[in-house]
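S.K.: The structure's right below; bear with me while I get my questions together.
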Amino acid sequence: MDTRDCFERAADLVGLPPGVRRLLALPCDELTLNFPVKMDDESVETFRGFRVHHNDALGPYLGGLRYHPSVTLKAMRTQAAQRTWQAALAGLPFGGSMGGIQLDPSRHTLSELERITRRFVFALGNNIGPDYDVLTTEVNTNSQIMSWVLDTYFSTVPPQERNRAFPVVTGKPLEAGGLPGRNRAVGLGMAMLIERWASDHAVDLAASTYTLQGFGTVGSSVARVLQSKGARLLAVEDVTGGVFHPGGIDAENLFAYSRRRFGLRGYPRATALSHEAFLRTPATIFIPAALATGFTSELLELLDVRLVAEGACILTEPGTDDVLRRKGTDLLPDVLCTAGGATASYFEWLQNKRGERWELEEVEKRLQDTLYRAYDRVARASQEFGVDWRTTSVALALEDLEGVYRDRGFFP
């Protein structure tokens, strides 16, 4: 189902009061920024950026910074709401936000990307802050970009406040207060939840197979983690095409190839296959992790898997989750399955707040504990509600948020 349909079904399920329902259906505020940047050739281009603050009832806003031509206000609005539900579901003291710039990073030099980033952060002004709105990595942004965001933000606050400003971004380099393992937290978290599902359903993960749609940061990360646990990658697809090997594809080798060749096309250790053949590939698990993944009931009918573990915000027609239930296919919805990123951002934010340095083992143990609690919570509630895991996940988030408003009331 689409995001709006899921929200309405979840709100009906928990009997969300009309006033809170209308409040949570809309963002608190939205920013559209048009800003000029000088290019390397001395020309001036104007870029459009967005930042959407959805809800901060549970704490400061937290959300990604995306660089992609598909960035629109509508898309950021949807993603910001998703971040609100995700934080509430995982028990994180954050609300949801999301932002980005309409651009294709591959068309710009590193120096141009730095100027674009810094000018956007300057334009945001006091609409971000370590106790107001925390930015983190997302599609086409990384630790280098987060470093530029941090340094630019430093220049907007008094010198005596700068040491308290480090938590304004997460996904930073370790030397700048970053968290060990933050760059693979989404993929690792997905693998942890898949492993938990396998344990609950008496599935031997080491003897399992999976197919993967999308081989970017998230897809390649979860593939490498699952490979370390013995699972075999049978087929993978990205924007350049799909590849298949019945004996399994080496995720590490494929990752190195895809980075050299900017895609999977021509990978010599597997056979090319069509999109339909990719979807029809029988496997234990299917992981959609592509940026623009969208499913219809007809496409889902092609799947022959036991579990769908969503690694991206999935756009579906109403009723598609019902198709999976009818087929007996389990679902780990995106709002739960990708919560490792938000959880790791919380850990980095907390580490910076406390002036601490956490070890990787501690980070991974805390990540697993947080995600397993959320998984168990959804599993129990899904049985009680008698509905799919996606609707259940959002319903639990809405219950938590409604409780805050019930206790706080509304001003005036």
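S.K.: Just one of Leu193, Leu188, Leu212, Leu179 is farther than 29 Å from Phe244 by Cβ, surrounded by 18 or more Cβ atoms within 10 Å (Cβ to Cβ) and either modelled with pLDDT of 95 or more or touching a Cys at 6+ places or on another chain (Cβ under 6 Å) (or both); which is it? Please lay out each step first, then the result.
M.R.: Details: Leu193 fails: farther than 29 Å from Phe244 by Cβ; Leu188 fails: farther than 29 Å from Phe244 by Cβ; Leu212 fails: farther than 29 Å from Phe244 by Cβ.
Result: Leu179 is the single residue among Leu193, Leu188, Leu212, Leu179 that is farther than 29 Å from Phe244 by Cβ, surrounded by 18 or more Cβ atoms within 10 Å (Cβ to Cβ) and either modelled with pLDDT of 95 or more or touching a Cys at 6+ places or on another chain (Cβ under 6 Å) (or both).
S.K.: Further question: Identify, please: which residue in the range 149-202 is polar (S, T, N, Q) and assigned by TED's automatic domain parsing to the domain that holds Gly341 and is, among those, farthest from Gly355 (Cα to Cα)?
M.R.: Ser199
S.K.: Now, a different point. Looking at the range 215-243, which of the residues that are of a type in the set (Gly, Ala, Ser) and crowded, with 22+ Cβ neighbours inside 10 Å is nearest to Pro288 (Cα to Cα)? Reasoning before the result, please.
M.R.: Looking only at the range 215-243, we keep the residues that are of a type in the set (Gly, Ala, Ser), and these are 216, 219-221, 223, 228, 230-231, 235, 241-242.
Now narrow it down to the ones that are crowded, with 22+ Cβ neighbours inside 10 Å: 219-221, 223, 231, 235, 242.
Numbers: Gly219: 8, Ser220: 12, Ser221: 13, Ala223: 12, Ala231: 16, Ala235: 12, Gly242: 13 Å.
Applying the filter and picking the extreme gives Gly219.
S.K.: Now for a separate question. For the range 216-228, enumerate the residues that are modelled with pLDDT of 95 or more and not small (Gly, Ala, Ser).
M.R.: Val222, Arg224, Val225, Leu226, Gln227
S.K.: Here are some residues: Glu276, Glu237. Which one is outside any helix (DSSP H, G or I) and either among the acidic types (Asp, Glu) or within 21 Å of Asn142 (Cα to Cα) (or both)?
M.R.: On inspection, the qualifying residue turns out to be Glu237.
S.K.: Given the conditions (1) over 27 Å from Tyr346 (Cβ atoms); (2) in contact with a Phe, Trp or Tyr (Cβ under 9 Å, 6 or more places away or on another chain); (3) crowded, with 17+ Cβ neighbours inside 10 Å, report the number of the one that Gly266 does not fulfil.
M.R.: (3)
S.K.: Can I ask one more? Please find, among Gly178, Gly187, the residue that is part of a helix (DSSP H, G or I), over 19 Å from Gly95 (Cβ atoms) and in contact (Cβ under 8 Å) with a residue 24 or more places away in the chain. Quick ask: steps written out before the conclusion?
M.R.: On the way: Gly178 fails: part of a helix (DSSP H, G or I).
That would be Gly187, the only listed residue that is part of a helix (DSSP H, G or I), over 19 Å from Gly95 (Cβ atoms) and in contact (Cβ under 8 Å) with a residue 24 or more places away in the chain.
S.K.: If you go through the range 311-321 one residue at a time, do you hit one that is outside any loop (DSSP other than H, G, I, E, B), small (Gly, Ala, Ser) and under 16 Å from the mean Cα position of the chain (by Cα)? Quick ask: steps written out before the conclusion?
M.R.: First, pick out the residues of the range 311-321 that are outside any loop (DSSP other than H, G, I, E, B): 315-316, 320-321.
If we keep only those that are small (Gly, Ala, Ser) too, we end up with none.
There is no residue in the range 311-321 that is outside any loop (DSSP other than H, G, I, E, B), small (Gly, Ala, Ser) and under 16 Å from the mean Cα position of the chain (by Cα).
S.K.: Name every residue in the range 43-78 that is touching a helix residue (DSSP H, G or I) at 6+ places or on another chain (Cβ under 6 Å) and of a type in the set (Gly, Ala, Ser), in order of residue number.
M.R.: Those that are touching a helix residue (DSSP H, G or I) at 6+ places or on another chain (Cβ under 6 Å) and of a type in the set (Gly, Ala, Ser): Gly49, Ala57, Gly63.
S.K.: Considering every residue within the range 288-308, establish whether at least one is among the hydroxyl-bearing types (Ser, Thr, Tyr), touching a Leu at 6+ places or on another chain (Cβ under 9 Å) and assigned by TED's automatic domain parsing to the domain that holds Ala231. If you could, list the steps in order and put the result at the bottom.
M.R.: Initial filter on the range 288-308 (among the hydroxyl-bearing types (Ser, Thr, Tyr)): 293, 296-297.
From what is left, the residues that are touching a Leu at 6+ places or on another chain (Cβ under 9 Å) are 293.
Checking the rest, the ones that are also assigned by TED's automatic domain parsing to the domain that holds Ala231 come to 293.
Yes: the range 288-308 contains one or more residues that are among the hydroxyl-bearing types (Ser, Thr, Tyr), touching a Leu at 6+ places or on another chain (Cβ under 9 Å) and assigned by TED's automatic domain parsing to the domain that holds Ala231.
S.K.: Does Arg164 fit the bill of being surrounded by fewer than 17 Cβ atoms within 10 Å (Cβ to Cβ), basic (Lys, Arg) and touching a residue at least 24 places away in the same chain (Cβ under 8 Å)?
M.R.: On the way: surrounded by fewer than 17 Cβ atoms within 10 Å (Cβ to Cβ): yes; basic (Lys, Arg): yes; touching a residue at least 24 places away in the same chain (Cβ under 8 Å): yes.
So Arg164 fits the description; yes.
S.K.: Report every pair of residues separated by at least 6 positions or lying on different chains whose Cβ atoms are under 8 Å apart, first residue within the range 15-40 and without any contact (Cβ under 8 Å) to a residue 12 or more places away in the chain, second hydroxyl-bearing (Ser, Thr, Tyr) and surrounded by 17 or more Cβ atoms within 10 Å (Cβ to Cβ).
M.R.: Close Cβ pairs satisfying both conditions: none exist.
S.K.: Output the residues belonging to the range 135-166 that are polar (S, T, N, Q) and under 19 Å from Gly341 (Cα atoms). Steps first, please.
M.R.: Of all residues in the range 135-166, those polar (S, T, N, Q) come to 136-137, 140-144, 147, 152, 155-156, 160, 163.
Correct list: Thr136, Thr137, Asn140, Thr141, Asn142, Ser143, Gln144, Ser147.
S.K.: While we're looking at this one, here's another question. Quick check on my filter: what residues within the range 130-142 are farther than 13 Å from Arg66 by Cα and surrounded by 19 or more Cβ atoms within 10 Å (Cβ to Cβ)? Before the answer, list the steps.
M.R.: Step one: list which residues in the range 130-142 are farther than 13 Å from Arg66 by Cα, which gives 130-134.
Within the range 130-142, Pro130, Asp133, Val134 meet the criteria.
S.K.: Taking the conditions exactly as written (of a type in the set (Gly, Ala, Ser), in contact with a strand residue (DSSP E or B) (Cβ under 8 Å, 6 or more places away or on another chain) and on the phi < 0 side of the Ramachandran plot), does Gly95 satisfy them or not?
M.R.: Working: of a type in the set (Gly, Ala, Ser): yes; in contact with a strand residue (DSSP E or B) (Cβ under 8 Å, 6 or more places away or on another chain): yes; on the phi < 0 side of the Ramachandran plot: yes.
In short, yes.
The values are calculated or read from the model by the stated rules, or taken from the named source; none is laboratory data. For clarity, every value in this text was computed on a predicted model and none was experimentally measured. Please note: Cβ atoms are built from the backbone with ideal geometry, for glycine as well, and neighbour counts cover all protein chains shown.
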